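The values are calculated or read from the model by the stated rules, or taken from the named source; none is laboratory data. Worth saying up front: this structure is predicted, and the values here are computed from it rather than measured. Glycine also receives a Cβ, built like all others from the backbone with ideal geometry; neighbour counts cover every protein chain displayed. Surface areas here come from the heavy atoms of the whole protein model, side chains and all, with no ligands, DNA or RNA. Shrake-Rupley method; radii C 1.70, N 1.55, O 1.52, S 1.80 Å.
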Amino acid sequence: MNTEQITILVLLLLVTLLAVLLVLNRRRKRREEFVPMDDLEGHEFEFYCADLLQGSGFHDVTVTRGSGDYGADILCEKDGVTYAVQCKTYSSPIGVFAVQQAAAGRDYYDRMVGAVMTNQYYTKNAETAAKKLKILLWDRSDIERMEENAGR
């Protein structure tokens, strides 16, 4: 390798490093600033919901890993009752699959209650499945109430 090739390689590495740092800084700022729930990405929304749950009196609030979470994005407890919560940030109503994921997460993590939190509302089929599977549904209105109680 000659000097010119090494210089180009070093410059490419520096540009790549700068790009990575800019992305990380953007994510850090989004966590520090108030961002409307509709503008949050999936994993950001999970942490947002975890903060809301903690502000609503839940404790031992833990966000599970991003993928392979077995149907539960958040594990928490309140008043001696354990919860497995599935979070969905979508631009359309939430269907049955999210309810099924919450039921699977509840059973996998051996929790008493399964729930789904979303920035949207639920389809009729999702509501029917939730009643049958005994899954709590927290929709946009519920989250907005939690936000108000948390002073956001």
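Considering only GluC sites (Glu not before Pro) in DSSP loops that have at most 16 other Cβ atoms within 10 Å, the longest stretch of the chain without any of them is 42-152. Ligands, DNA and RNA aside, residue 39 has an accessible area near 90 Å² when probed at 1.4 Å. Evaluated at q = 0.20 Å⁻¹, a Debye calculation over the C-alpha positions of the chain (equal weights, vacuum) places log10 I(q)/I(0) at -1.23.
Farthest towards the positive end of the charge dipole of region 39-152, among the residues 47, 102, 125, is the Cα of 125, using unit charges on the Cβ of Lys, Arg, Asp and Glu. On a per residue basis, the convex hull of the C-alpha atoms belonging to region 62-152 measures out at 102 Å³.
What whole-number value in Å² describes the accessible area per residue of the chain for a 1.4 Å probe?
61 Å²
Each DSSP beta bridge with both residues in the chain is either parallel or antiparallel, and the antiparallel ones are about 40%. Ligands, DNA and RNA left out, the 1.4 Å accessible surface of the chain is 56% carbon and sulfur atoms. Lysine pair count for the chain (Cα-Cα distance under 25 Å; residues 8 or more apart in sequence or on different chains): 11.
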